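Chemist: One structure, pasted below without further comment.
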Amino acid sequence: MKAAMTIETDQARRQQLGEFLRSQRARLSPNLFGLPGGTRRRTPGLRREEVAQLGGLSTTWYTWLEQGRDISLSAHALGRLANVLKFSAAERAYLFDLAGKRDPQGTSEAEPAAPAALLASLQTIAGPAYVLDHLWNALGWNEAAAALFTGWLDGDNDRNLLHFIFLNPAGQLLIDGWEARARRAIAEFRIDYGHHLDEPAMQTLVRRLTTESPFFAHAWPIHSVTGREGGIRRFSHPQRGLIELQQITFNPTIRPDLKLVMLVDLASGETGTGAA
């Protein structure tokens, strides 16, 4: 039963991929590529053979792709298609999602800074809130987050959350139920690692954690994977005692590689951002 459902899902994805390519091909004017237009064209936009030629691809292969046939898909060939069809970042991501392939450009280093508006939004949140990049470096945070995350977001500390969890004794003291939270952090981070597998900074981060944290070195090879789903987070704060908050994480549409992490105080209704 599951096998049949998988086949049907794959067929549906191939059909959606073909329809998507046809619609995008039809919207492009031949004049953009120095090709003759005119009334002799039966359909608007580029012809299949023109797309294939511009992308250095086989016309038969591209035709079968639009027809939703079960053919071999190269990530680099898909990248050439995205370039020829002048896809936006969102359209390119959708193409690779439908094809079930990893975008070669997705392994390049992401922009180092967060959009100014995203960072400014942190100051409008009453409770703790911060923004993480794909390496789990904090790019911005509000005063409530600095007051909660002592040893990480206060003072002149290392702003990497994974360093705080695994290499900083203050992290183990602050995060209530540290071992369970640490294991989950590794499983959540595994997704970012998979998206940026070939990035030197990512390899450097994992190498340092593996070398300096026995816990990380033991848990990392297990390959646990989970989404950053949020939930109750408890902290043993050195001044405020036990604190219980609800974590919520958002990926901004304009920068899906970033995470806006918020903590909500359910007891008071105060909104804020949360930890590990």
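Chemist: What's the magnitude of the charge dipole for the range 155-226 around its Cα centre, counting Lys and Arg as +1 and Asp and Glu as -1 at the beta-carbon? Answer in Debye, nearest 20. Before the final figure, lay out each step's value.
Modeler: Working: 7 positive and 9 negative charges, 35 e Å.
Value, rounded to 20: 160 debye.
Chemist: Treating only the Cβ of Lys, Arg, Asp and Glu as charged (+1, +1, -1, -1), what charge dipole size does the range 60-149 show about its Cα centre? Round to the nearest 20 debye.
Modeler: Magnitude of the dipole: close to 300 debye.
Chemist: Another question, if that's okay. Could you give the angle, 0 to 90 degrees to the nearest 10, between helix 89-99's Cα long axis and the longest principal axis of the Cα atoms of the chain?
Modeler: 80 degrees
Chemist: Counting each DSSP H run of 4 or more residues in the chain as -39500 (n - 2.57), what helix-only mean residue ellipticity at 222 nm follows after dividing by all residues, to the nearest 500 deg cm²/dmol? Write out the running numbers ahead of the final one.
Modeler: Details: 12 runs with 123 residues, N = 276.
Calculated from helices alone, the mean residue ellipticity at 222 nm is -13000 deg cm²/dmol.
Chemist: Let me ask you something else. Quote the charge dipole size of the chain about the Cα centre in Debye, to the nearest 20; the model charges only the Cβ of Lys and Arg (+1) and of Asp and Glu (-1). Working shown, then result.
Modeler: Values: 30 positive and 29 negative charges, 278 e Å.
Once rounded to the nearest 20, the dipole reads 1340 debye.
Chemist: In nm, to one decimal, how far is the HIS76 label point from the ASP97 one, both placed 7 Å along Cα→Cβ?
Modeler: 2.7 nm
Chemist: Order these by the 10 Å Cβ neighbour count, fewest first: VAL225, VAL206, VAL131.
Modeler: Ranking VAL225, VAL206, VAL131 by Cβ neighbours within 10 Å, fewest first, gives VAL225, VAL206, VAL131.
Chemist: While we're looking at this one, here's another question. Normalised by the residues of the chain, what does the relative contact order come to in percent, with Cα pairs under 8 Å and at least six apart? Each step should come with its number before you reach the end.
Modeler: Details: 397 pairs, mean separation 42.2, N = 276.
Dividing the mean separation by the residue count of the chain yields 15 percent.
Chemist: Let me ask another. Round to the nearest 10 and give me the degree value, 0 to 90, for the angle of helix 2-26's Cα axis relative to the longest principal axis of the chain.
Modeler: Between the helix axis and the principal axis of the chain, the angle is about 60 degrees.
Chemist: If each of LEU242 and LYS86 carries a label point 7 Å out from its Cα toward its Cβ, how far apart are those two points in nm?
Modeler: Reported label-point gap for LEU242 and LYS86 is 6.1 nm.
Rule-based calculations on the coordinates, nothing more; no lab input. Since we're looking at a predicted model, the values are computed, not measured. Note that we place each Cβ from the backbone using ideal geometry, even for glycine, and neighbour counts take in every protein chain shown.
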